[in-house]
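Remarks on the structure that follows.
The values are calculated or read from the model by the stated rules, or taken from the named source; none is laboratory data. On a predicted model such as this, the values are computed, not experimentally measured, just so you know. Counting neighbours? That spans all protein chains shown, and the Cβs are built from the backbone with ideal geometry, glycine included.
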Amino acid sequence: MENASKALLIAAAILIAIVLITLGVIVLNKGKSAIGDVNLTDQEVSAFNSKWEGYLGNQLGSTVKSLQSSINNYNSTCNDGRYITFLSEGTALTDFAAAKPTRYNITISSGTNYNVTADYTSGGLICAIHISSGK
C-alpha cells in the first residue's frame, strides 16, 4: 500500500511538471508573436516590404484589385501574426495586430486612379495599406 501511494505521488508530480512545461511553451510562443518585428534584420524587413511597395503611389484600379487579392492571399496563409490591413478612404487604422483580419472586399473601379499609401510598424514593416481616389 505504501508503494502504491508513493507511485501516485510521483505520477501527480510528473503530470504537474508536464502542465507547467506546456504553459511555459504557450507563454513563450505568445511572447514571440507579441514582439513581432523587433528581431528582424534590415534585409528581412526590406524583403517583406518589397512585396507591397511596388503598389504604392498612383495606381489604376486594376492594379489595386490585384493588391487587394494579394493582401487577402497573404493574410490567409500568414502564420506569424504580421497581417496587412487594407483600408479604403475614410477608414481609420485600429489595432491591426489584434486578430487575423477578415477577407477584404472593397469595391474598386478598374478604370479609376487610386492613391496607395502605407503605414509602418515601429520596426519598419508595412502593417496597413490605404487607398483613396486619385486625382
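Structure notes:
- Scanning region 57-92 for residues that are of a type in the set (Gly, Ala, Ser), part of a loop (DSSP other than H, G, I, E, B) and on the phi < 0 side of the Ramachandran plot turns up SER88, ALA92.
- Output for region 65-99, where each listed residue is surrounded by 13 or more Cβ atoms within 10 Å (Cβ to Cβ) and modelled with pLDDT under 75: THR91, PHE96, ALA97
For every residue, the table says whether it meets (1) modelled with pLDDT of 90 or more; (2) surrounded by 14 or more Cβ atoms within 10 Å (Cβ to Cβ); (3) within 28 Å of LEU28 (Cα to Cα).
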residue: ASP42; (1), (2), (3): no, no, yes
residue: ASN58; (1), (2), (3): yes, no, no
residue: PRO101; (1), (2), (3): no, yes, yes
residue: VAL116; (1), (2), (3): yes, yes, no
residue: TYR120; (1), (2), (3): no, no, yes
residue: SER133; (1), (2), (3): no, no, no
